[in-house]
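S.K.: Here's a structure for you.
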Amino acid sequence: MMNQFNPIDINEPDLIDRYPVFKRFVDGVFLKSPMQRKYLSHHFAQRDALFWKRAEKFAVAFSRCLEAIGLTVDQAVNAYLEVCKDMLTSQMNFKKNQKYSCLNAGEAETQVYSSNEKMTNYMMGLLLSQFLWPNHYAMYDFFIEQTKSLSKIKTVLEIGPGHGLYFAESISIFPNAQFDAIDISPTSKRLSETLVSHFTGNTQCEVQLKDLNQLKSGRRYDYIVMGEVLEHFDDPKSALKKIYNLLNEGGHFVITTCANAPAIDHVYLYESVEQIQCDIRK
């Protein structure tokens, strides 16, 4: 559950002007897609002061990250709008066919993960969505607050850091822990490492290019993070068993996934929240 907050009136004169770097991204979205103004204004009106503080801090670091990989704010906005368009198309196809467009993980790798351009746009767009989509911000806020509540965390594994934002938050919260991260996408590896260095100043955290089954069984962790990855497996139950065997006794894990939520690289169709909960309990 999200923390209670006092909403800020987005119509208050010049409110967003107090956060000039984040405003550059928002203005770019409004300019290229005026239809998003009403949606985002409603979203922003529900947010508290902590959101705005986080959003501006994120935008400053993200701008530096974009510069490091040779992209502009305008290109990041285009990437976000491409993600929105792809999501809408995926939803329309799902409504018609009642199945995801990728039939297996191999197709997702061929169509998305192996393409540097497609994957870069996808990750940059999803990064912005962490603050422009209410559900993504809710998950991000929940992750930070729950992670901060943990203690005695010495070893952390993130499976599929993607854009790297959650990986960076874990490093900031547990600066003295040992970190491992794995991803099957060379583009995500590069982006995650770049983002972590610009968000945390830590240039030593490396993302290993491997899948979950390639992790050594003798290594165990106090905390395992896997955000929006379970739906990318052909066999999520097998992945959950592997995670269980990688977790120290008394350890913690955080997993987010989705039901009936098509995207360009989603593979496994969970048809209900109850089905997800059942798999995790087992």
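S.K.: Taking the Cα atoms of the chain, what is the range of coordinates along each of the three principal axes, in descending order and whole Å?
M.R.: 56, 48, 38
S.K.: Can I ask one more? What accessible area per residue comes out for segment 200-239, rounded to a whole number of Å², with a 1.4 Å probe?
M.R.: Per residue, segment 200-239 has an accessible area of 54 Å².
S.K.: What is the sum of charges around W52, taking Lys and Arg as +1, Asp and Glu as -1, for the other residues whose C-beta is under 11 Å from the C-beta of W52?
M.R.: Net charge in that neighbourhood comes out at +4.
S.K.: Please report the carbon-and-sulfur percent of the accessible area for segment 59-162; probe 1.4 Å, protein heavy atoms only, DNA, RNA and ligands left out.
M.R.: 52 percent
S.K.: Compare the Cα positions of F143, Q208, T257 along the charge dipole of segment 128-282 (+1 at Cβ of Lys, Arg; -1 at Cβ of Asp, Glu; about the Cα centre) and return the one farthest towards the positive end.
M.R.: Farthest towards the positive pole: Q208.
S.K.: Carbon and sulfur atoms: what percent of the 1.4 Å accessible area of segment 165-213 do they account for?
M.R.: 43 percent
S.K.: Here's a follow-up. What FRET efficiency do you get for S33 and E107 if R0 is 30 Å and r is their Cβ-Cβ distance, rounded to the nearest 0.05?
M.R.: 0.55
S.K.: Would you calculate a helix-derived [θ] at 222 nm for the chain, using -39,500 (n - 2.57) for each DSSP H run of n ≥ 4 and dividing by the full residue count, to the nearest 500?
M.R.: After summing the helix terms and dividing by the residues of the chain, the value is -17000 deg cm²/dmol.
S.K.: Still on this model: For segment 122-256, just say rounded, prolate or oblate: build the C-alpha gyration tensor, square-root its eigenvalues into a ≥ b ≥ c, call rounded for a/c under 1.5, and beyond that prolate if a/b exceeds b/c, oblate if not.
M.R.: It comes out rounded by the Cα gyration axes.
S.K.: Rounded, prolate or oblate: which one fits segment 20-131, using the alpha carbon gyration tensor with axes a ≥ b ≥ c (rounded when a/c is under 1.5, else prolate when a/b beats b/c, else oblate)?
M.R.: oblate
S.K.: Shifting gears a bit: Any idea of the accessible area per residue across segment 95-161, 1.4 Å probe, to the nearest Å²?
M.R.: I get 47 Å² per residue for this part.
S.K.: Something else: If you place +1 on the Cβ of every Lys and Arg and -1 on the Cβ of every Asp and Glu, how big does the dipole about the Cα centre of the chain come out, in debye to the nearest 20?
M.R.: 240 debye
S.K.: Now for a different question. For segment 190-251, what is the convex hull volume of the alpha-carbon atoms per residue, in Å³?
M.R.: Measuring per residue, one finds 117 Å³ for the Cα hull of segment 190-251.
S.K.: State the Cα centre-to-centre distance between segment 25-80 and segment 147-164 in whole Å.
M.R.: 25 Å
S.K.: Whole-Hz ³J(HN,Hα) for each residue in segment 183-199, computed from phi via Karplus 6.51 cos²θ - 1.76 cosθ + 1.60 with θ = phi - 60°, x for glycine and proline: what do you get?
M.R.: So the Karplus estimates, Gly and Pro as x, are 7, 8, 9, x, 5, 5, 4, 5, 5, 4, 5, 5, 5, 4, 5, 7, 8 Hz.
S.K.: Greater than 21 Å separation of Cα atoms is the criterion. Which listed pairs, K189/K216; K57/K148; K53/K189; K96/K282; K189/K210, meet it?
M.R.: Violating the 21 Å limit, Cα to Cα: K53/K189; K96/K282.
S.K.: Separate question: Say each of A138 and E67 gets a label point 7 Å from the Cα, pointing the same way as Cα to Cβ; how far apart are those two points in nm?
M.R.: 3.6 nm
S.K.: Still on this model: Given a Förster radius of 35 Å and the C-beta distance between R281 and K96 as r, what FRET efficiency does 1/(1 + (r/R0)^6) yield to the nearest 0.05?
M.R.: According to the calculation, E is roughly 0.60.
S.K.: PRE reach from Q46 (point 7 Å along Cα→Cβ): which of segment 129-148 fall under 17 Å by backbone N?
M.R.: 129-143
S.K.: Compute the acute angle (0 to 90°) between the alpha-carbon long axis of helix 73-97 and the principal axis of greatest extent of the alpha-carbon atoms of the chain; round to the nearest 10°.
M.R.: Helix 73-97 sits at roughly 60 degrees to that axis.
S.K.: Further question: Using a 1.4 Å probe on the protein heavy atoms only, what accessible surface does E228 show? Give it in Å² to the nearest 10.
M.R.: Number for this one is 60 Å².
The values are calculated or read from the model by the stated rules, or taken from the named source; none is laboratory data. From a predicted model like this one, the values you see are computed outputs, not experimental measurements. Ideal geometry is used to build each Cβ from the backbone, glycine not excepted, and the neighbour counts take in all protein chains shown. What goes into the accessible areas is simple: the full protein's heavy atoms, side chains included, and nothing from ligands, DNA or RNA. Shrake-Rupley method; radii C 1.70, N 1.55, O 1.52, S 1.80 Å.
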